[in-house]
Amino acid sequence: MSPRGLLITLEGLDGTGKSTQARSLAAWLRRRGLQVRHTFEPGGTALGRRLRTLLLRGGEPEGIPVPEAELLLLMADRAQHVAQVLRPWLERGAVVVCERYADSSVAYQVFGSEVDGELVERLNRWVTGGLQPDLTFWLDLPVGQRLPGAGAPERDRIESRGEAFFRRVREGYAALAARYPERIVRVEVTGKPRRAVQSELRDVVVRRLGERLQELGWEAPVRR
Ligand SMILES: Nc1ncnc2c1ncn2[C@@H]1O[C@H](COP(=O)(O)OP(=O)(O)OP(=O)(O)O)[C@@H](O)[C@H]1O
Ligand SMILES: [Mg+2]
């Protein structure tokens, strides 16, 4: 449970529409009179932006991070993000909409890169201080499929990993969704226009978080 505000996270493979949906969800919540902060990992702070560059570019001039280094860079990003962005906004009573969070490390590092699961969970708990999302959307699209709106992919270092890697990551998300059914909602995005996906997300938000949103100042739309 978050302090005061609400934390909503979006998860899923690259190019599944997280940024598109997060932007739209944040705008909708803002129109309802709520304080909203839209943010993302890795890279949601000044330090995080530098870490993101180290994580995602091809390797020059620093060299390619080994899996252990990659894990710790991601955790450093998360620690800073929780302290500088997530907690302060949640304490102010905001709704925070965050693209990627601790589940990404389980899906990508544990399932994808086969790093020890207990270690990753322990690091996640440590850097987040136990802060859990109130609701998580897993935007699911089969590996190898791309959304029709997406142009030719310009892949970063992690996105350039092979199909077997992404299959494992997707299995990771499936395992997480099975483990936390009260928190994680799988949303099938295959063949759905942006607006259809967005309206599913809004329905779930209202159904699951309606009462908490009222407490935070949710204003029903004015009827004309
Ligand atoms: N439902 C949809 N139907 C068709 N195209 C879509 C849909 N949702 C998003 N797109 C397009 O697909 C592309 C990927 O979407 P977006 O950037 O939101 O995904 P992402 O999950 O944030 O990706 P990344 O992991 O690269 O940050 C964009 O070009 C976006 O305009
Ligand atoms: Mg994105």
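The values are calculated or read from the model by the stated rules, or taken from the named source; none is laboratory data. Please read all numbers here as calculations on a predicted model, not as lab measurements. Glycine gets a Cβ as well: all are built from the backbone with ideal geometry, and neighbour counts include every protein chain shown. Only protein heavy atoms, including side chains, enter the accessible area calculation; ligands, DNA and RNA are left aside. Shrake-Rupley method; radii C 1.70, N 1.55, O 1.52, S 1.80 Å.
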> At what distance in nm do the modelled label points of R161 and E114 sit from each other, each positioned 7 Å from its Cα along Cα→Cβ?
Replying inline: 1.2 nm
> Where only protein heavy atoms count, and the probe is 1.4 Å, what is the accessible area per residue for the range 6-215 in Å²?
Replying inline: 48 Å²
>> For Cα pairs less than 8 Å apart in space and 6+ apart in sequence, what is the mean separation divided by the residue count of the range 6-215, i.e. the relative contact order in percent?
In response: 31 percent
> Separation between the A220 and V206 pseudo-spin-labels, each 7 Å from Cα along Cα→Cβ, expressed in nm?
Replying inline: 1.1 nm
> So, by mean Cβ neighbours within 10 angstrom, what's the order for 107-118, 197-208, 33-44 with the highest one leading?
Replying inline: 33-44, 107-118, 197-208
> Which ³J(HN,Hα) values, rounded to whole Hz and listed in residue order, are derived for the range 113-119 from phi using the Karplus coefficients 6.51, -1.76 and 1.60 in 6.51 cos²θ - 1.76 cosθ + 1.60 with θ = phi - 60°, glycine and proline given as x?
Replying inline: 8, 6, 7, 4, x, 5, 5
>> From zero outward in steps of 10 Å, how is the percent of C-alpha pairs of the chain spread across the bins?
In response: 8, 33, 38, 18, 3, 0
> With all protein chains present, how much of the accessible area of the chain (probe radius 1.4 Å) comes from carbon and sulfur, to the nearest whole percent?
Replying inline: 51 percent
>> How many angstrom lie between the Cα centre of the range 102-123 and the Cα centre of the range 13-85?
In response: 16 Å
>> From the C-alpha coordinates alone, can you work out the Kirkwood hydrodynamic radius of the range 157-223, in Å?
In response: 14.9 Å
